[in-house]
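Every number here is computed from the coordinates shown, using simple stated rules; none is lab data. As the structure is a prediction and not an experimental result, all values here were calculated from the model. Positions of Cβ are generated from backbone atoms using ideal geometry, with glycine treated the same way; all protein chains shown enter the neighbour counts.
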Amino acid sequence: MTVVQEDSPSFDCIGFGLAEHIDHINSGQSFDICYSIEENVWRNKRNLQLNIKGIRY
């Protein structure tokens, strides 16, 4: 998914085992995330992504 904080750029994210949060995320309500920053390499293209460890609302 992609997350954005007001007045900030968007960030691509990945999170494993967090499917129970999907309804809240899709509702458009705000939430907090705990994450680590990773370099993602896909088809020789590199970018930064946030690896989500936890979600709180």
Residue satisfying all of: in the stretch 1-39; of a type in the set (V, I, T) and in contact with an Asp or Glu (Cβ under 9 Å, 6 or more places away or on another chain); nearest to Y57 (Cα to Cα) among these: V3
Search result, residues across the stretch 38-57 that are of a type in the set (V, I, T) and either at positive phi or under 10 Å from the mean Cα position of the chain (by Cα) (or both): I52, I55
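Can you list the strands (runs of 3 or more DSSP E) found entirely within the chain that contain at least 2 residues being in contact with a strand residue (DSSP E or B) (Cβ under 6 Å, 6 or more places away or on another chain), aliphatic (A, V, I, L, M) and surrounded by 10 or more Cβ atoms within 10 Å (Cβ to Cβ)?
45-56
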